[in-house]
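The values are calculated or read from the model by the stated rules, or taken from the named source; none is laboratory data. Here the structure is a predicted model, which is why all the values come from computation and not from measurement. Note that we place each Cβ from the backbone using ideal geometry, even for glycine, and neighbour counts take in every protein chain shown.
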Amino acid sequence: MQIPYKPILPQTPLPIIIIGAGGIVADAHLPAYKKAGFSVVGITNRTRARAEKLAAEWGIPNVYDTVADAVANAPANAVYDITIMPEKFVETLEQLPDGCGVLIQKPMGDYFWQTKEILEVCRRKKLNAAINCQLRFAPYVSAARYMIEQGLIGELYDMEVRVTLETPWELFPFVMVHPRLEIQYHSIHYIDLMRSFLGDPRSVYAKTLKHPAKKLSSSRSTILFDYGDTMHAVINTNHDHSFGPHNQESFIKWEGTKGAIKARMGLLMDYPHGVPDKFEYCIIEEGKQLKWKEIELEGSWFPDAFIGTMSSLMRYQNSETDVLPTHVEDVVKTMAVVESAYQSSDNGGVVVSEKLANV
(Lines give C-alpha, C1' and ligand atoms only; values in the text may rest on other atoms or scores of the structure.)
Protein backbone atom coordinates (compact mmCIF):
# COMPACT_ATOMS: atom_id res chain seq x y z
CA MET A 1 0.00 0.00 0.00
CA GLN A 2 1.34 3.41 -1.01
CA ILE A 3 0.56 6.05 1.61
CA PRO A 4 1.55 9.73 1.27
CA TYR A 5 2.74 10.73 4.71
CA LYS A 6 5.64 13.15 4.23
CA PRO A 7 4.99 16.88 4.71
CA ILE A 8 4.54 19.11 1.68
CA LEU A 9 7.50 21.47 1.56
CA PRO A 10 7.08 25.14 0.64
CA GLN A 11 7.76 26.12 -2.96
CA THR A 12 9.73 29.08 -1.62
CA PRO A 13 11.37 28.35 1.77
CA LEU A 14 11.65 31.42 3.98
CA PRO A 15 14.63 32.41 6.18
CA ILE A 16 14.25 31.45 9.85
CA ILE A 17 15.18 33.41 12.96
CA ILE A 18 15.27 31.24 16.10
CA ILE A 19 14.51 32.83 19.48
CA GLY A 20 15.85 30.50 22.16
CA ALA A 21 18.68 27.97 22.24
CA GLY A 22 17.47 25.17 24.50
CA GLY A 23 17.80 21.42 24.12
CA ILE A 24 14.76 21.07 21.86
CA VAL A 25 16.39 23.42 19.32
CA ALA A 26 19.51 21.26 19.14
CA ASP A 27 17.64 17.94 19.25
CA ALA A 28 14.75 18.64 16.90
CA HIS A 29 14.41 22.09 15.32
CA LEU A 30 17.86 22.41 13.75
CA PRO A 31 18.10 18.76 12.59
CA ALA A 32 14.65 19.09 11.02
CA TYR A 33 15.45 22.32 9.22
CA LYS A 34 18.72 20.94 7.91
CA LYS A 35 16.96 17.81 6.65
CA ALA A 36 14.33 19.95 4.89
CA GLY A 37 16.90 22.33 3.42
CA PHE A 38 15.60 25.36 5.32
CA SER A 39 17.94 28.27 6.04
CA VAL A 40 18.37 29.45 9.63
CA VAL A 41 19.86 32.93 9.27
CA GLY A 42 20.01 34.02 12.89
CA ILE A 43 19.57 32.99 16.52
CA THR A 44 19.27 34.79 19.84
CA ASN A 45 19.13 33.55 23.41
CA ARG A 46 19.08 35.07 26.90
CA THR A 47 22.50 33.48 27.43
CA ARG A 48 24.47 34.43 24.32
CA ALA A 49 27.03 31.66 24.77
CA ARG A 50 24.37 28.99 24.20
CA ALA A 51 23.30 30.66 20.98
CA GLU A 52 26.91 30.94 19.86
CA LYS A 53 27.47 27.25 20.52
CA LEU A 54 24.52 26.21 18.35
CA ALA A 55 25.47 28.73 15.68
CA ALA A 56 28.95 27.22 15.47
CA GLU A 57 27.62 23.65 15.35
CA TRP A 58 24.95 24.30 12.74
CA GLY A 59 26.45 27.05 10.61
CA ILE A 60 24.06 29.81 11.62
CA PRO A 61 25.65 33.03 10.35
CA ASN A 62 24.25 35.53 12.86
CA VAL A 63 23.98 35.56 16.67
CA TYR A 64 22.02 38.42 18.21
CA ASP A 65 22.07 39.78 21.76
CA THR A 66 18.35 40.48 21.95
CA VAL A 67 15.07 39.81 20.18
CA ALA A 68 15.02 43.47 19.13
CA ASP A 69 18.44 43.09 17.49
CA ALA A 70 17.32 39.94 15.71
CA VAL A 71 14.19 41.63 14.35
CA ALA A 72 16.09 44.76 13.30
CA ASN A 73 18.55 42.70 11.27
CA ALA A 74 16.20 40.01 9.95
CA PRO A 75 15.25 39.71 6.28
CA ALA A 76 11.85 41.24 5.58
CA ASN A 77 10.34 37.85 4.76
CA ALA A 78 11.77 36.01 7.79
CA VAL A 79 9.67 33.65 9.89
CA TYR A 80 10.34 33.45 13.61
CA ASP A 81 10.71 30.27 15.65
CA ILE A 82 10.07 30.96 19.35
CA THR A 83 11.42 28.20 21.62
CA ILE A 84 11.47 29.93 25.05
CA MET A 85 9.26 29.29 28.10
CA PRO A 86 5.60 30.35 27.86
CA GLU A 87 5.79 33.21 30.38
CA LYS A 88 8.03 35.06 27.89
CA PHE A 89 5.81 34.58 24.84
CA VAL A 90 3.78 37.80 25.08
CA GLU A 91 6.71 40.17 25.51
CA THR A 92 8.53 38.41 22.65
CA LEU A 93 5.56 38.46 20.28
CA GLU A 94 5.12 42.18 20.95
CA GLN A 95 8.57 42.79 19.42
CA LEU A 96 7.93 40.93 16.16
CA PRO A 97 6.91 42.73 12.95
CA ASP A 98 3.16 42.95 12.41
CA GLY A 99 1.90 40.34 9.97
CA CYS A 100 4.97 38.12 10.15
CA GLY A 101 4.93 34.34 10.36
CA VAL A 102 5.79 32.86 13.74
CA LEU A 103 5.98 29.31 15.10
CA ILE A 104 5.55 29.23 18.89
CA GLN A 105 6.68 26.33 21.05
CA LYS A 106 3.89 24.51 22.85
CA PRO A 107 2.19 24.88 25.25
CA MET A 108 0.30 28.02 24.30
CA GLY A 109 0.68 29.34 27.84
CA ASP A 110 0.96 27.58 31.18
CA TYR A 111 -2.54 28.65 32.23
CA PHE A 112 -5.58 29.54 30.16
CA TRP A 113 -5.35 33.22 31.07
CA GLN A 114 -1.89 33.23 29.46
CA THR A 115 -3.35 31.47 26.43
CA LYS A 116 -5.85 34.28 26.00
CA GLU A 117 -3.13 36.93 26.33
CA ILE A 118 -1.05 35.19 23.62
CA LEU A 119 -4.10 34.98 21.35
CA GLU A 120 -4.86 38.68 21.87
CA VAL A 121 -1.34 39.75 20.83
CA CYS A 122 -1.42 37.52 17.74
CA ARG A 123 -4.80 38.91 16.69
CA ARG A 124 -3.87 42.54 17.32
CA LYS A 125 -0.58 42.30 15.42
CA LYS A 126 -2.19 40.16 12.69
CA LEU A 127 0.52 37.54 13.10
CA ASN A 128 0.34 34.34 11.09
CA ALA A 129 0.97 32.40 14.27
CA ALA A 130 1.08 28.64 14.75
CA ILE A 131 1.83 26.53 17.82
CA ASN A 132 4.45 23.80 17.41
CA CYS A 133 2.11 20.86 18.03
CA GLN A 134 4.36 18.58 16.01
CA LEU A 135 2.87 15.18 16.86
CA ARG A 136 0.18 15.91 14.28
CA PHE A 137 2.96 15.67 11.66
CA ALA A 138 4.77 12.53 12.88
CA PRO A 139 5.07 10.07 9.96
CA TYR A 140 2.84 7.43 11.58
CA VAL A 141 0.19 10.04 12.40
CA SER A 142 0.15 11.39 8.85
CA ALA A 143 -0.08 7.85 7.48
CA ALA A 144 -2.97 7.02 9.81
CA ARG A 145 -4.75 10.26 8.93
CA TYR A 146 -4.56 9.45 5.21
CA MET A 147 -5.94 5.93 5.70
CA ILE A 148 -8.79 7.18 7.86
CA GLU A 149 -9.66 10.05 5.50
CA GLN A 150 -9.73 7.54 2.63
CA GLY A 151 -12.24 5.42 4.56
CA LEU A 152 -9.92 2.40 4.66
CA ILE A 153 -10.82 1.46 8.25
CA GLY A 154 -14.44 2.56 8.00
CA GLU A 155 -16.12 4.73 10.61
CA LEU A 156 -13.74 5.59 13.42
CA TYR A 157 -15.20 4.69 16.81
CA ASP A 158 -12.20 4.24 19.13
CA MET A 159 -8.96 6.19 19.60
CA GLU A 160 -6.50 5.44 22.37
CA VAL A 161 -3.11 6.75 23.42
CA ARG A 162 -1.22 4.64 25.97
CA VAL A 163 2.18 5.47 27.44
CA THR A 164 3.63 3.16 30.09
CA LEU A 165 7.36 3.72 30.58
CA GLU A 166 9.99 5.51 32.63
CA THR A 167 10.52 9.12 31.59
CA PRO A 168 13.83 10.78 32.58
CA TRP A 169 12.33 14.10 33.65
CA GLU A 170 15.75 15.22 34.87
CA LEU A 171 16.65 15.91 31.23
CA PHE A 172 14.13 18.77 31.38
CA PRO A 173 15.13 20.73 34.52
CA PHE A 174 12.92 23.74 33.79
CA VAL A 175 9.92 21.54 33.05
CA MET A 176 10.20 18.93 35.81
CA VAL A 177 9.58 21.54 38.54
CA HIS A 178 6.41 22.82 36.88
CA PRO A 179 3.23 22.68 39.02
CA ARG A 180 1.33 21.31 36.01
CA LEU A 181 3.81 18.80 34.66
CA GLU A 182 2.15 15.80 33.07
CA ILE A 183 -0.85 17.14 31.18
CA GLN A 184 0.52 20.62 30.45
CA TYR A 185 3.87 19.43 29.11
CA HIS A 186 3.26 15.88 27.91
CA SER A 187 -0.32 14.74 27.47
CA ILE A 188 -1.07 18.05 25.75
CA HIS A 189 0.44 16.40 22.66
CA TYR A 190 -2.21 13.69 22.76
CA ILE A 191 -5.06 16.07 23.58
CA ASP A 192 -4.15 18.12 20.53
CA LEU A 193 -3.86 14.93 18.48
CA MET A 194 -7.31 13.73 19.57
CA ARG A 195 -8.81 17.07 18.54
CA SER A 196 -7.08 16.93 15.15
CA PHE A 197 -8.85 13.63 14.39
CA LEU A 198 -12.12 13.89 16.30
CA GLY A 199 -12.83 17.60 16.66
CA ASP A 200 -13.76 19.32 19.90
CA PRO A 201 -15.15 17.10 22.67
CA ARG A 202 -18.38 17.93 24.49
CA SER A 203 -16.61 17.51 27.80
CA VAL A 204 -13.57 15.89 29.39
CA TYR A 205 -13.02 13.74 32.47
CA ALA A 206 -9.54 13.56 33.91
CA LYS A 207 -7.34 12.69 36.85
CA THR A 208 -3.64 13.50 37.02
CA LEU A 209 -1.55 11.98 39.80
CA LYS A 210 1.72 12.16 41.72
CA HIS A 211 4.12 9.33 42.50
CA PRO A 212 4.42 8.74 46.28
CA ALA A 213 8.24 8.68 46.23
CA LYS A 214 8.86 11.56 43.79
CA LYS A 215 8.69 15.34 44.09
CA LEU A 216 7.10 15.81 40.66
CA SER A 217 3.75 17.60 40.61
CA SER A 218 2.28 14.81 38.46
CA SER A 219 3.52 11.90 36.40
CA ARG A 220 0.45 9.81 35.51
CA SER A 221 -2.86 10.84 33.94
CA THR A 222 -6.06 9.41 32.58
CA ILE A 223 -8.12 11.63 30.30
CA LEU A 224 -11.46 10.53 28.84
CA PHE A 225 -13.19 12.58 26.13
CA ASP A 226 -16.95 12.77 25.58
CA TYR A 227 -17.76 12.53 21.89
CA GLY A 228 -21.17 10.96 22.33
CA ASP A 229 -22.26 7.36 22.83
CA THR A 230 -20.16 5.54 20.21
CA MET A 231 -16.73 7.23 20.15
CA HIS A 232 -14.35 6.01 22.84
CA ALA A 233 -11.38 8.38 23.17
CA VAL A 234 -8.93 7.98 26.03
CA ILE A 235 -5.38 8.89 27.04
CA ASN A 236 -3.55 6.83 29.66
CA THR A 237 -0.03 7.86 30.68
CA ASN A 238 2.26 6.34 33.28
CA HIS A 239 5.79 7.78 33.36
CA ASP A 240 6.70 5.78 36.49
CA HIS A 241 6.97 2.27 35.03
CA SER A 242 10.53 1.66 36.25
CA PHE A 243 10.50 -2.12 35.82
CA GLY A 244 12.50 -2.50 32.65
CA PRO A 245 11.44 -2.51 29.01
CA HIS A 246 9.54 -5.83 28.97
CA ASN A 247 6.06 -4.40 29.58
CA GLN A 248 6.63 -0.82 28.49
CA GLU A 249 4.18 0.58 25.96
CA SER A 250 3.97 3.71 23.83
CA PHE A 251 1.32 3.68 21.14
CA ILE A 252 -1.60 5.35 19.40
CA LYS A 253 -4.43 3.09 18.24
CA TRP A 254 -7.36 3.85 15.96
CA GLU A 255 -10.24 1.37 15.51
CA GLY A 256 -12.95 1.61 12.87
CA THR A 257 -15.82 -0.47 11.55
CA LYS A 258 -13.64 -1.92 8.77
CA GLY A 259 -10.18 -2.05 10.35
CA ALA A 260 -7.66 -0.77 12.84
CA ILE A 261 -4.30 1.01 12.94
CA LYS A 262 -1.65 0.90 15.66
CA ALA A 263 1.47 3.06 15.76
CA ARG A 264 4.31 2.61 18.21
CA MET A 265 5.90 5.89 19.30
CA GLY A 266 9.40 4.55 19.66
CA LEU A 267 10.96 7.87 20.64
CA LEU A 268 9.49 7.79 24.14
CA MET A 269 10.85 4.34 25.00
CA ASP A 270 14.40 4.39 26.37
CA TYR A 271 14.33 8.17 25.86
CA PRO A 272 16.30 9.96 24.47
CA HIS A 273 17.73 7.00 22.53
CA GLY A 274 14.36 5.57 21.57
CA VAL A 275 13.46 2.33 19.83
CA PRO A 276 12.18 1.91 16.26
CA ASP A 277 8.67 3.11 15.47
CA LYS A 278 6.18 0.59 14.17
CA PHE A 279 3.14 1.17 11.95
CA GLU A 280 0.61 -1.66 11.59
CA TYR A 281 -2.88 -1.95 10.22
CA CYS A 282 -5.58 -4.59 9.84
CA ILE A 283 -8.38 -4.35 7.27
CA ILE A 284 -11.43 -6.60 7.44
CA GLU A 285 -11.94 -8.33 4.11
CA GLU A 286 -14.93 -10.62 3.68
CA GLY A 287 -13.99 -14.26 3.46
CA LYS A 288 -10.35 -13.61 4.35
CA GLN A 289 -8.48 -14.32 7.55
CA LEU A 290 -7.68 -11.28 9.64
CA LYS A 291 -4.06 -10.30 9.28
CA TRP A 292 -2.04 -7.37 10.59
CA LYS A 293 0.35 -5.82 8.08
CA GLU A 294 3.30 -3.54 8.73
CA ILE A 295 4.44 -0.58 6.64
CA GLU A 296 7.95 0.81 6.90
CA LEU A 297 7.86 4.58 7.24
CA GLU A 298 10.86 6.87 6.96
CA GLY A 299 11.55 9.30 9.79
CA SER A 300 10.03 9.69 13.24
CA TRP A 301 8.48 12.22 15.62
CA PHE A 302 11.93 13.79 16.20
CA PRO A 303 13.01 15.50 14.04
CA ASP A 304 10.71 14.88 11.07
CA ALA A 305 7.47 16.16 12.59
CA PHE A 306 9.16 19.52 13.12
CA ILE A 307 9.54 19.78 9.35
CA GLY A 308 5.76 19.56 9.11
CA THR A 309 4.96 22.41 11.48
CA MET A 310 7.50 24.80 9.94
CA SER A 311 6.56 23.80 6.37
CA SER A 312 2.89 24.46 7.01
CA LEU A 313 3.73 27.90 8.42
CA MET A 314 5.94 28.83 5.45
CA ARG A 315 3.34 27.64 2.94
CA TYR A 316 0.63 29.64 4.73
CA GLN A 317 2.83 32.74 4.91
CA ASN A 318 3.53 32.38 1.17
CA SER A 319 -0.21 31.97 0.38
CA GLU A 320 0.60 28.53 -1.06
CA THR A 321 -2.23 27.20 1.14
CA ASP A 322 -5.09 28.73 3.08
CA VAL A 323 -4.83 26.10 5.84
CA LEU A 324 -2.56 26.45 8.88
CA PRO A 325 -3.34 23.31 10.92
CA THR A 326 -1.88 24.46 14.23
CA HIS A 327 -2.97 28.11 13.98
CA VAL A 328 -3.36 29.80 17.37
CA GLU A 329 -7.08 30.07 16.61
CA ASP A 330 -7.22 26.26 16.57
CA VAL A 331 -4.79 25.44 19.37
CA VAL A 332 -6.61 27.78 21.77
CA LYS A 333 -9.26 25.02 21.72
CA THR A 334 -6.62 22.44 22.71
CA MET A 335 -5.67 24.69 25.62
CA ALA A 336 -9.32 24.91 26.66
CA VAL A 337 -9.42 21.10 26.86
CA VAL A 338 -6.16 21.09 28.86
CA GLU A 339 -7.61 23.61 31.31
CA SER A 340 -10.84 21.60 31.54
CA ALA A 341 -8.84 18.45 32.28
CA TYR A 342 -7.18 20.15 35.24
CA GLN A 343 -10.53 21.46 36.45
CA SER A 344 -11.98 17.94 36.22
CA SER A 345 -8.99 16.49 38.07
CA ASP A 346 -9.28 19.08 40.85
CA ASN A 347 -13.04 18.79 41.30
CA GLY A 348 -13.20 15.00 41.32
CA GLY A 349 -16.01 12.70 40.28
CA VAL A 350 -19.35 11.77 41.77
CA VAL A 351 -19.04 11.04 45.49
CA VAL A 352 -20.17 7.42 45.85
CA SER A 353 -20.78 7.63 49.60
CA GLU A 354 -23.52 10.21 49.04
CA LYS A 355 -25.50 7.54 47.19
CA LEU A 356 -25.41 5.35 50.29
CA ALA A 357 -26.42 8.05 52.77
CA ASN A 358 -30.08 6.99 52.96
CA VAL A 359 -29.74 3.29 52.16
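Data overview
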item	result
Failed item, numbered, when residue 307 is tested on (1) at pLDDT 95 or above; (2) surrounded by fewer than 21 Cβ atoms within 10 Å (Cβ to Cβ)	(2)
Answer residue from the range 79-138, given it is polar (S, T, N, Q) and in a loop (DSSP other than H, G, I, E, B) and is nearest to residue 192 (Cα to Cα) among those	132
Pair list, Cβ under 6 Å, 6 or more apart: the range 202-226 residue closer than 13 Å to residue 342 by Cα, other residue part of a loop (DSSP other than H, G, I, E, B) and among the hydrophobic types (A, V, I, L, M, F, W, C)	217/181; 218/181
Positions within the range 40-67 being assigned to a helix (DSSP H, G or I) and either surrounded by 14 or more Cβ atoms within 10 Å (Cβ to Cβ) or in contact with a strand residue (DSSP E or B) (Cβ under 8 Å, 6 or more places away or on another chain) (or both), in sequence order	48, 50, 51, 52, 53, 54, 55, 58, 67
Enumeration of residues in the range 16-45 that are farther than 13 Å from residue 306 by Cβ and modelled with pLDDT of 95 or more	17, 19, 20, 21, 37, 39, 41, 42, 43, 44, 45
Pair list, Cβ under 6 Å, 6 or more apart: the range 303-322 residue farther than 22 Å from residue 268 by Cβ, other residue modelled with pLDDT of 95 or more and part of a helix (DSSP H, G or I)	321/315
The range 228-262 - residue that is among the polar types (S, T, N, Q) and in a strand (DSSP E or B) and, of those, nearest to residue 295 (Cα to Cα)	250
Filter pass, residue 104 being out of contact with any Cys (no Cβ under 8 Å at 6 or more places or on another chain) and over 21 Å from residue 186 (Cα atoms)	no
Which numbered condition residue 17 fails, given (1) touching a residue at least 40 places away in the same chain (Cβ under 8 Å); (2) surrounded by fewer than 14 Cβ atoms within 10 Å (Cβ to Cβ)	(2)
Test: residue in the range 177-197 that is surrounded by fewer than 16 Cβ atoms within 10 Å (Cβ to Cβ), at pLDDT 95 or above, of a type in the set (D, E, K, R) and touching a helix residue (DSSP H, G or I) at 6+ places or on another chain (Cβ under 8 Å)	no
Residue within the range 312-333 that is in a helix (DSSP H, G or I) and touching a Lys or Arg at 6+ places or on another chain (Cβ under 7 Å) present	yes
Total residues in the range 263-299, condition part of a loop (DSSP other than H, G, I, E, B), under 24 Å from residue 246 (Cα atoms) and touching a Gly at 6+ places or on another chain (Cβ under 7 Å)	4
Search result, residues across the range 310-343 that are over 22 Å from the mean Cα position of the chain (by Cα) and buried (at least 18 other Cβ atoms within 10 Å of the Cβ)	none
Among residues of the range 11-37, those that are in a loop (DSSP other than H, G, I, E, B) and within 21 Å of the chain's Cα centre (by Cα), counted	3
Enumeration of residues in the range 108-154 that are buried (at least 21 other Cβ atoms within 10 Å of the Cβ), more than 26 Å from residue 32 (Cα to Cα) and outside the structural domain of residue 86 (by TED's automatic domain parsing)	153
Residue list for the range 310-359, restricted to those being of a type in the set (A, V, I, L, M, F, W, C), modelled with pLDDT of 95 or more and farther than 30 Å from residue 11 by Cα	335, 336, 337, 338, 341
Filtered residues of the range 139-157 (kept if farther than 26 Å from residue 218 by Cβ and either part of a strand (DSSP E or B) or among the aliphatic types (A, V, I, L, M) (or both))	143, 144, 147, 148, 152, 153, 156, 157
